[in-house]
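Have a look at the structure below before the remarks.
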Amino acid sequence: MKTMEIYDPAMCCSSGVCGPSVDPELIRVSAVVHNLQKKQFQVSRYNLSSEPDAFVASPLVGQLLAEKGPQVLPIIIVDGQVVKESGYPRNEEFVQWTGLTEEELVAKPRIRLEVKTKSEL
């Protein structure tokens with residue numbers, strides 16, 4: 001099974017819905033990561049502002065930060081190899097690295113609701 005690590009720049013959270021405006025790119029990446037995790041892929045995501053220890057613990061990330069500065073973030077590592085830096089992967093890249101289809105990556109969650117009326121209570 002492939003492992004994926006995403007090292008995000010400093011931000012309040014990785015969801016894309018915090019702050020003064022919504023970031024659709026972060027929302028897309030969050031949805032893809034959620035779907036990958038549902039498919040049993042091991043995906044770890046680290047935020048520089050809340051998880052700096054993860055950046056220090058990774059020699060690859062530490063080296064890239066020392067050489068290129070914080071603009072190298074986000075950094076994507078798949079199976080121990082840096083596969084992308086300075087930008088989030090496009091869906092096509094996620095497909096290439098995981099073998100899933102794009103439809104599987106962007107599938108919206110299905111929620112089943114049950115509504116009981118007063119007479120059923």
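The values are calculated or read from the model by the stated rules, or taken from the named source; none is laboratory data. Note that the structure is predicted; figures quoted are calculated from it, not measured. Glycine gets a Cβ as well: all are built from the backbone with ideal geometry, and neighbour counts include every protein chain shown. These accessible areas exclude ligands, DNA and RNA; they are computed on the full protein's heavy atoms, side chains included. Shrake-Rupley method; radii C 1.70, N 1.55, O 1.52, S 1.80 Å.
The table for this structure:
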quantity	calculated
Antiparallel DSSP beta bridges within the chain, percent to nearest 5	55 percent
Accessible-area composition of the stretch 9-121, carbon plus sulfur, in percent [1.4 Å probe]	55 percent
Isotropically averaged projected area of the stretch 40-121, using the convex hull of Cα atoms (one quarter of hull area), nm²	9.0 nm²
Most mobile of V29, V61, V83 in a GNM of the chain (Cα contacts under 10 Å)	V83
Kyte-Doolittle mean at least 0.0, axial Cα span of 18 Å or more - DSSP H helices of the chain	24-38
Per residue value of the accessible surface for the stretch 29-121 (all protein chains in place, 1.4 Å probe), Å²	67 Å²
Sequence-separation-based contact order of the chain, relative, with Cα cut under 8 Å and 6+ spacing, percent	29 percent
Amide H contacts under 5 Å for S44, placed H, 5+ residues apart	M4, E5, I6
Long-range Cα-Cα pairs in the stretch 1-58 (distance over 19 Å), rounded percent	34 percent
Net charge contributed by nearby residues that have their C-beta within less than 15 Å of C12 (K/R +1, D/E -1)	-2
